1. Please figure out what share of the DSSP beta bridges in region 162-308 is antiparallel and state it in percent, rounded to the nearest 5.
2. Normalised by the number of residues in region 270-403, what is the relative contact order in percent for Cα pairs under 8 Å and 6+ residues apart?
3. Given a Förster distance of 35 Å, report the FRET efficiency between E389 and E331 from their Cβ-Cβ distance, rounded to the nearest 0.05.
4. Restricting attention to region 57-118, which GluC sites (Glu not before Pro) occupy a DSSP loop and are surrounded by at most 15 other Cβ atoms within 10 Å?
5. So what's the projected area for region 306-394, the Cα convex hull averaged over all directions, in nm²?
6. Among V214, V145, V181, which one shows the highest mean-square fluctuation when the chain is modelled as a Gaussian network with alpha-carbon springs under 10 Å?
7. What residues qualify as long-range amide H neighbours of D196, i.e. H under 5 Å apart, gap of 5 or more or another chain, H built at 1.01 Å from N?
8. Eight or more residues apart or on different chains, and alpha-carbon atoms under 23 Å: count the Lys pairs in the chain matching that.
Amino acid sequence: MSKLVERHGWVPESDLDGVSLDTLAIRAGHHRTLELEHSEPLFPTSSFVYGTAAQAAARFAGDEPGNIYSRFTNPTVAAFEERIAALEGGERAVATASGMAAILATCMALLKSGDHVVCSRSVFGTTNVVFGRYMEKFGVRTTFVDLTDQAQWEQAVMPDTRMLFLETPSNPLCEVADIQVIAEIAHRQGALLVVDNCFCTPILQRPLDFGADVVVHSGTKYIDGQGRCVGGVVVGSNTVMQEVFGFLRSAGPTLSPFNAWVFLKGLETLPLRMRAHSEQSLTLARWLSEQPAIETVFHAGLETHPQHALAKRQQKGFGGMLSFKVRGGREEAWKLIDGTRIVSITANLGDVKTTITHPATTTHGRLSPEDKARAGITENLVRVSVGLEDIEDLKADLARGLAAI
């Protein structure tokens, strides 16, 4: 660190000890350059130069810290990694090209042929495909269990189990897992617990605090918050993340500097947005519960939700996601979706714009009918990512959709 930067207000990480998540979301990871910029700089470069050949050799050997090549070292990406690690309470983060790249990098770094994984059935459809189809090609077996059934988790663990994987709240039924209980099951076997924290973000839930070993995110969702960029990140201990980093350095599922910069800007408003999303979604969930054409509403903030008490204990809010079943089947679900005029018909989520989708034919469309049934993905299920539009306008728009059934 230069004396010039030190004199002009460069803030070491130690100065942020004890500050709130709201402050970390804005300040963590920003190390000013000699230009003393107020906003985080963007480094859109493929490579970095060295003063001497000896310095280049030292950088490549790992004997000297510094940037080498943007596939695995870039200051903007590093700033995003440092900030999300601080928010999650992890020692280190590794950013990736997408949320699914984060999951794949975790698997490729921490699993080998002959290993066994226990995975919740209640995960994003593509996560299910990665474990059930592609990891199997590399000799990694997966047993799928019900997210909320502790006995199934315990019974599924085998001597060669190396990883337990879940997301909570789940996509799209908003089921809630007891992270601490499942972490204990994993650790008794010497396995790692990996938690997809996409729906809550570290603002509402920090899985590492409950015993999880690794947290993964799709930065594309709430971290960005405005549907602009695709990216992902893995957070955990230095030891585990070094393995993930080694895979990223070699295989290259890299987050671009520009996307990292956008995510940094998104993190600055994440606390405010997550609180607003939570408030909006609970209001809408309660309103939907009163509509005659709706059979069931899935939202952990509802007192009728089977894991409501757990969600209150484990989370600082219930998030912006909900789903519901209309009375009928696919035809009625599609009529409702097509009858809206404000919400966006898209499978993305975590946006300030409200989105709506039919999971059985979009996010979980590649699952077999049997796997859909086991995961509770029915033809009359509709998922809504509640945005930040006026809540009365959202009610009116969904009322239009309900009237079209």
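What follows is calculated from the coordinates using simple rules that are stated; it is not laboratory data. Quick caveat: nothing in here was measured; it's all calculated off a predicted structure. Positions of Cβ are backbone-derived with ideal geometry, glycine not excepted, and every protein chain shown enters the neighbour counts.
1. Percent antiparallel among DSSP bridges in region 162-308 is about 40.
2. 28 percent
3. 0.80
4. Answer by residue number: E91.
5. Mean shadow area of the hull around the Cα atoms is 6.9 nm².
6. Among V214, V145, V181, the largest mean-square fluctuation in the Gaussian network model of the chain belongs to V181.
7. HN-HN under 5 Å from D196: L166, E167, T168, V216.
8. Lysine pairs satisfying the spacing and distance rule in the chain number 18.
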